[in-house]
Amino acid sequence: ESFEALRGKRVLITSGPTFEAIDPVRFIGNHSSGKMGTAIAKAFQNAGAETTMISGPADYFPDHGNLIKVQSANEMLAEAEKHYSEADIVIFSAAVSDYRPENPATEKIKKKDDTLQVNLVKNPDIAAELGKKKKNQFHIGFALETNNEEVNAKEKLKKKNFDLIVLNSLNDNGAGFQRDTNKVTFFDNNNNTYKFELKSKTDVATDIVDYVIKNLK
Ligand code: C5P
């Protein structure tokens, strides 16, 4: 990327997993490490942009830029909405929990019967919600598919009003959660497809920044 090409641009990034409380000590979560989001923040900083990251409880956070730590999807949405209007570029790299316990217990749930039911309700889709409010922002999302990869990714591009979607191929060894490498394909809303080789998440982040530099109006 060309140095300082994005000076003055503000980038909002969601990253990491979300934790959804079952009771005060237990939660539903996932294995997202925050590596991809952190690499993206660094790559945009290197291009001169200012970054604000809203992250769930991840293992990796950027050393620089604004960092807002949250737990749940609802908290992540509320923070993203607060910072949305000042953003030029928004990257949705968080692995948001699709569901949350409907009524988290206020006291630790005691061990009792052989089975325990926890009712789950759908979480808000942060990317889709902000997609509805989009004015001049450039939105980038991710898709991780196991089948019909291209069709599903392109459907998400439309449905969530992304400008660009980054498809992660799980079929490839070395790609995905808690790995240092990713094999990705870009689909944009001008019908362009860009296929990339397996590379480090740092290099994937650089490819994303390069795309933004070339395509941001
Ligand atoms: O629908 P799916 O979870 O596959 O979509 C993935 C994309 O949507 C990612 O960019 C992810 O960060 C975003 N997303 C979101 N809020 C959700 C679910 C997904 O922002 N509740």
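Here, each number is a calculation from the coordinates, and none is a lab measurement. Treat the numbers as computed from the prediction; the structure is a model and nothing was measured. Glycine also receives a Cβ, built like all others from the backbone with ideal geometry; neighbour counts cover every protein chain displayed.
Given only helices, namely DSSP H runs of n ≥ 4 each adding -39500 (n - 2.57), what is the per-residue ellipticity at 222 nm of the chain, to the nearest 500 deg cm²/dmol?
Helix-only estimate at 222 nm: -8000 deg cm²/dmol.
Arrange THR52, THR181 by Cβ neighbour counts within 10 Å, fewest through most, would you?
Final ranking by Cβ density, sparse to dense: THR181, THR52.
Quick check: Cα centre of the stretch 137-160 to Cα centre of the stretch 35-66, how many Å?
Measuring centre to centre over Cα atoms gives 22 Å.
Quick check: pseudo-label points 7 Å beyond the Cα along Cα→Cβ at GLU197 and LYS111, how many nm apart are they?
5.2
Measure nothing fancy, just the Cα-based angle from helix 35-46's long axis to the longest principal axis of the chain, in degrees from 0 to 90, nearest 10.
It works out to around 40 degrees.
Round to the nearest 10 and give me the degree value, 0 to 90, for the angle of helix 73-84's Cα axis relative to the longest principal axis of the chain.
Its long axis makes an angle of about 30 degrees.
Over the Cα atoms of the chain, what is the Rg over Rh ratio if Rh follows Kirkwood? Each step should come with its number before you reach the end.
Working: Rg = 17.6 Å, Rh = 17.8 Å.
Using Cα coordinates only, the ratio equals 0.99.
Assuming R0 = 30 Å, can you tell me the calculated FRET efficiency for the pair VAL118 and GLU75, based on Cβ-Cβ distance, to the nearest 0.05?
0.95
Past 26 Å, Cα to Cα: identify those pairs from LYS42/LYS159; LYS122/LYS217; LYS82/LYS214; LYS82/LYS158; LYS135/LYS159, in the order given. The partial results should precede the final answer.
Details: LYS42/LYS159 28 Å; LYS122/LYS217 35 Å; LYS82/LYS214 28 Å; LYS82/LYS158 24 Å; LYS135/LYS159 16 Å.
Long pairs (Cα-Cα over 26 Å): LYS42/LYS159; LYS122/LYS217; LYS82/LYS214.
Who wins for biggest fluctuation among LEU144, LEU12, LEU130 in a Gaussian network model of the chain, springs between alpha carbons below 10 Å?
Answer for the Gaussian network model of the chain: LEU144.
Expected output is a single nm value to one decimal: the length gained when fully extending between LYS217 and GLU86, i.e. 0.36 nm times separation in residues minus the C-alpha distance. What is it?
45.5 nm
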